[in-house]
Amino acid sequence: MMRRILIISSFILLTFKTYADEGMWLPMLLKELNEKDMKTMGMKISASDIYDINKSSMKDAVVLFGRGCTGELISNEGLLLTNHHCGFGEIQDHSSLEHDYLKDGFWASDRSKELTNPGLTVTFIVRMENVTAKVVKDLQGVTDEAMRESLVAQKATEIAKEATAGTSYDAVVKPFYNGNEYYLIVMEIFKDIRLVGAPPSSIGNFGKDMDNWSWPRHTGDFSMFRIYANKDNKPAEYSPDNVPYKPKHHFPISLKGLKEKDFTMVYGFPARTNEYLTSYAVEQLVTKINPMKVDLRGKRLDVFNKYMLADREIFIKYADKYSGVSNYHKKWAGETRGLKKADAVAKKKTMEMLFDNRVSNETKFVGYLGLLDKIGKLYKELEKVQPEYDLYAEALLTVEIFRQANSLKALADLKPEDFSTKKGTDVITNLKSSSTEFYKNYHAPLDQDILVEMIKNYLKYSNEDSYPTAFKGFSASSTEEELKAEAEKLFQTSVIDNGEIVMKWLENPDTSVISKIKNDVAFQAASFYFNKFKTNVQKEFTAINAQLIPLNRQYMEALRVVLPEKKYNPDANQTLRVAFGKTEGYKPNDATSYNWFTTADGILEKNNTGHIDYSIEPRMFELLKNKDYGRYADKDGTLHTCFAASNHTTGGNSGSPVLNAKGHLIGTNFDRNWEGTMSDIYYDINQVRNIVVDVRYTLWVIDKYAGAGHLIKEMTIIE
């Protein structure tokens, strides 16, 4: 019997290997866990060059850009490089019909022309520290999950406060390994960030939807900002007296290029992965969740396209929204395809078989008996409520008038005596700010069409059979014409789509305004769906997940104990990480092979197809046709535009520096290949590739196309 178990285990382990270049690793643990592998793959620097709290290191040139991207310092004057799509919101905010920076690009001729961006921040990591022992010491015997979360939050706040006492730093304690470990992260946050340069969207978003989440790519997906500080080089709110920040480290830029299979490294802030989901969760994702969400987003994109292609002003208003919807529409489709192609569900089941095998046959693991069965039963329950949960977010809340109505609920819930209090003042102030932004980029006819599509699909997917009483046309038996009539009626009757009226309400709010809000039909419809969601869906969804949280935490603990032959990187949680791999192409299908890099010749080839996503400006066309690449050409005389590598990345790694074996900047990470999007769930070296703008193409655009050579002079260039 024991021999049979060993044979089974050996067979299963063939599908349960850890690739050297799999994972998003904590920089403070590189020496212990990864330095040997990285040097074997070709790295020429040390782990302390990458992360050190006692001297300047590469971590001091990597920032969390805004709330969800990465950026890198490329000069001693605070010059920062990130993706075009990361800076897109700021570029859009500064754009108008008169100054269409989305279409024409923007380049500050000198520092006085750099554009301010209120609310934009960049965050440096000062240090990280494992504080697990401090956090969990009072958790022994605590079985109530809500109580556990409360105690953890309380202790985390105490630790963060203690760590920053007497400093200008911020700090947070974050869970890792599903709450089995906790790390303190001390940060320095800068608030005066100015737009320096951005190519036109025909370069920065070349290929648009056609090429998104795809390879080969030819996109110059970059933008440039500058960090400003006070005269002491410390963070400060915007002031004309602020000066360019002097970083502790900035990345030298290599023009030497790469060879196939060269070592590469990505340093950044990956947002979210779920690599340790069970087969139950992944199967549900592949068969139920993703297909519905892809369908819903596709319907929204159809409406966006109808209006945006007809009117440039609407295009500018909705460009950022479109990008966000489109991005995950294609991502989820690719993720599903990749998981199926990798046979991820079956491979996870195989690994779980090995896990159960060991747990059943070794008495030291008796505490984990039946763990997977418990998780499986809960996912069976979740399968009933998950679609309704996703429908609320992906259908109902995508109707903008509903979303705005929900935000006005904060005002509608005020009591008469609240208007003269801080509570009331704060509500009004916040609503004025959010509503100004909302109506600036809102077009009611487009939203009306979205309402029709989303209600139609809500009725298609939902098991619910009750609808807003004011709109009998919103029912399972409704025809499309009836839905259109009901949507038109809602928009004609409601005033929440009218920014002028709502902003007047907010200027002089009183009890009559509250009454008007509560009697508005859009508010009533939004409230109906919100209450139904809260009562019928959220409660059950939350209850099931409350049971899954401790089981998933225990499963993560168990994996590391029962299957110690694998190295376990913690799931991404928007903390500083290092991924490493090699430049290499891949084979997406039978008889199809992709090279690891692209050249500027491909831009002209795509442009010649005549597809609107491959449009380029006449000046760009002439420059490329003449092949004036200068110092930015590769040894073969071509201009490399992008390259692919096997670094393990995800959302949040957008804008991350991609570095060579010596720690020199060679590119800016901006995407993954379509099949590789499944690496958030399951990594397969045969099909996962991150996609990078070659830094030589970036510099060529800045220098040759934009004529912004003054920016090149700031940089440290290695020929």
- Query: Modelled label-to-label distance, K504 and Y594, 7 Å Cα→beta-carbon offset: nm?
  - Reply: 5.4 nm
- Query: Say each of I53 and Y439 gets a label point 7 Å from the Cα, pointing the same way as Cα to Cβ; how far apart are those two points in nm?
  - Reply: 4.9 nm
- Message: So for segment 285-411, averaging the separation of alpha carbon pairs under 8 Å that are six or more residues apart and normalising by length, what relative contact order in percent results?
- Response: 29 percent
- Query: What area, in nm² and to one decimal, does the C-alpha convex hull of segment 277-405 cast on average over all directions?
  - Reply: 10.3 nm²
- So what are the radius of gyration and Dmax for the Cα set of segment 549-614, in Å? 21.2, 57
- Item | Debye, to nearest 20: dipole size of the chain, +1 on Lys, Arg Cβ, -1 on Asp, Glu Cβ | 1700 debye
- Task: Could you pull out every Cys in the chain that lacks a partner Cys with its beta carbon under 4.7 Å away?
- Result: C642
- Computed Rg/Rh for segment 433-570 (Cα atoms; Rh = Kirkwood radius) stands at 1.17
- Per the rule of 0.36 nm per residue minus the C-alpha distance, extending K374 to D311 adds in nm 17.3 nm
- Item | For the chain, with +1 on Lys and Arg beta carbons and -1 on Asp and Glu, the positive-most of G42, L659, G499 along the dipole | G42
- Item | Euclidean distance between Cα centres, segment 275-334 to segment 662-712, Å | 23 Å
- Query: How would you rank 237-244, 50-57, highest first, on the average number of other Cβ atoms within 10 Å across their residues?
  - Reply: 50-57, 237-244
- Measure out, as a whole number of angstrom, how far apart the alpha-carbon centroids of segment 441-466 and segment 366-412 sit. 18 Å
- Message: At a 10 angstrom cut-off on C-beta neighbours, averaged per residue, how do the peptides 458-464, 220-226 rank from highest to lowest?
- Response: 220-226, 458-464
- Task: Calculate the spin-label point distance for D636 paired with E162, positioning each point 7 Å from the Cα along the beta-carbon direction, and give it in nanometres.
- Result: 5.8 nm
- Item | the chain: relative contact order in percent, alpha carbon pairs under 8 Å with at least 6 residues between | 24 percent
- Restricting to aspartates and glutamates and to Cα separations under 20 Å from K134, and discarding same-chain partners fewer than 8 apart, the set is D144, E145, E149, E158, E162, D170, E181, E557
- Task: Could you pull out every one of the aspartates and glutamates with an alpha carbon less than 14 Å from that of K534, ignoring same-chain neighbours closer than 8 positions?
- Result: E388, D390, E464
- CD proxy, 222 nm, the chain: helix-only mean residue ellipticity via -39,500 (n - 2.57) per DSSP H run with n ≥ 4, per residue, nearest 500, stands at -13000 deg cm²/dmol
- Item | Å³ per residue enclosed by the Cα convex hull of segment 53-252 | 172 Å³
- Task: Would you work out which of F365, I428, A444 lies farthest towards the positive end of the dipole of segment 279-556, given +1 charges on the beta-carbon of Lys and Arg and -1 on that of Asp and Glu, about the Cα centre?
- Result: F365
- Which whole-number percent gives the relative contact order of segment 279-556, counting Cα pairs below 8 Å spaced six or more residues apart? 25 percent
- Message: Here is the link list: K261/K566; K55/K191; K331/K384; K539/K566; K248/K627; K161/K348. Which ones come out longer than 31 Å on Cα distance?
- Response: K539/K566; K248/K627; K161/K348
- Computed on Cα atoms only, the convex hull of segment 171-211 has an orientation-averaged projected area in nm² of 6.1 nm²
- Helices from the chain with mean Kyte-Doolittle at least 0.0 and a Cα length along the axis of 15 Å or more, per DSSP H: which? 2-13, 400-412, 521-532, 539-562
- Item | Loop GluC sites (Glu not before Pro), segment 331-421 (other Cβ atoms within 10 Å of the site Cβ: 12 or fewer; DSSP) | E362
- Task: Please work out the ratio of the alpha-carbon Rg of segment 169-252 to 2.2 N^0.38 Å and round it to two decimals.
- Result: 1.58
- Task: Report, for the chain, the % of DSSP beta bridges that are antiparallel, rounded to 5.
- Result: 95 percent
- So if we plug the beta-carbon distance of L97 and S466 into 1/(1 + (r/R0)^6) with R0 = 45 Å, what FRET efficiency do we get, rounded to 0.05? 0.50
- Item | Surface/4 estimate of mean projected area, convex hull on alpha-carbon atoms of the chain, nm² | 34.1 nm²
- Task: Of the listed pairs K423/K518; K39/K606; K234/K704; K208/K347; K306/K330; K317/K625, which have alpha-carbon separations greater than 30 Å here?
- Result: K39/K606; K234/K704; K208/K347; K317/K625
- How high is the FRET efficiency from D601 to N686, r the C-beta distance, R0 41 Å, rounded to 0.05? 0.90
- Query: How do the peptides 571-577, 171-177, 255-261 rank, highest first, by the average count of neighbouring beta carbon atoms within 10 Å per residue?
  - Reply: 571-577, 171-177, 255-261
- Query: Hey, what's the per residue convex hull volume over the C-alpha atoms of segment 279-556, in cubic angstrom?
  - Reply: 156 Å³
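We did not get these values from a lab; they are worked out from the coordinates using the rules stated. Just so it is clear, the model here is predicted, and its values are computed rather than measured. In this analysis, Cβ positions are derived from the backbone assuming ideal geometry, glycine residues included, and neighbour counts consider all displayed protein chains.
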